[in-house]
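Worksheet: the structure to be examined is printed underneath.
No lab work stands behind these numbers, since they all come straight from the coordinates. It should be emphasised that the depicted structure is a prediction, and the values quoted were computed from it without experimental measurement. In this analysis, Cβ positions are derived from the backbone assuming ideal geometry, glycine residues included, and neighbour counts consider all displayed protein chains.
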């Protein structure tokens, strides 16, 4: 965008493009060979231990004899675009692209089985990680109709649980879910 050989001065070019002059003078600093080796090792450790953050990775590197600290490892992780995979308890956050529907069951009298089913997903902390629990419940009888556990937040185990409930108990009149971000609930409507 900025041409150093152009007839316009750099100051005028920066003013026309509405960028700071320091941007025109900045020259990226290439990574040293030592940093490239460190980044390669961080990538290897991250693939073997995806739950490890900058603190844990820097401790692993120190055991191997590296002198780089947590902040340097954190900076390189950001530059590489990697981050630790860890438990995220906010499974009920709304996905912004999905519309918000009004709650239609507020004044409904639920008196018989298979009138209204509900489905929800939550996580269960374990000693080494966590698992997701998906359950389909009949509101009238408060009975769990089907459930599944998974170590990933995918839609397949949710759909399997709904299909099992339909196969065993027939289709409900109303199938109620929250408006969470999993995305699987939106695909469940194809079963009804």
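Using the 2.2 N^0.38 Å rule of thumb for compact globular proteins, work out how the range 92-167 stacks up: its C-alpha Rg over that value, please.
Normalised by 2.2 N^0.38 Å, the Cα Rg of the range 92-167 equals 1.27.
For the residues 158, 14, what sequence is obtained by ranking on other C-beta atoms within 10 Å, fewest first?
Least to most surrounded, the residues fall as 14, 158.
Any idea what log10 I(q)/I(0) is at q = 0.12, 0.14, 0.16 Å⁻¹ for the chain, Debye with uniform C-alpha scatterers and no solvent?
Summing over Cα pairs of the chain leads to -0.80, -0.89, -1.00.
What is the angle, in °, between the Cα long axis of helix 54-63 and the longest principal axis of the Cα atoms in the chain? Nearest 10 is fine, range 0 to 90.
So the inclination is approximately 60 degrees.
If I model a spin label as a point 7 Å beyond the Cα along the Cα-Cβ vector, how far apart are those points for residue 62 and residue 109 in nm?
6.8 nm
Among 127-140, 100-113, how do they line up from the highest to the lowest mean number of other beta-carbon atoms within 10 Å?
Sorting 127-140, 100-113 by mean packing, highest first, produces 127-140, 100-113.
Cut-off 18 Å, label point 7 angstrom out along Cα-to-Cβ of residue 83: give me the residues of the range 114-156 whose amide nitrogen falls inside.
The answer is 153.
For the Cα atoms of the chain, what angle does the longest principal axis make with the long axis of helix 33-48, in degrees from 0 to 90, nearest 10?
Relative to the chain, helix 33-48 is tipped by roughly 10 degrees.
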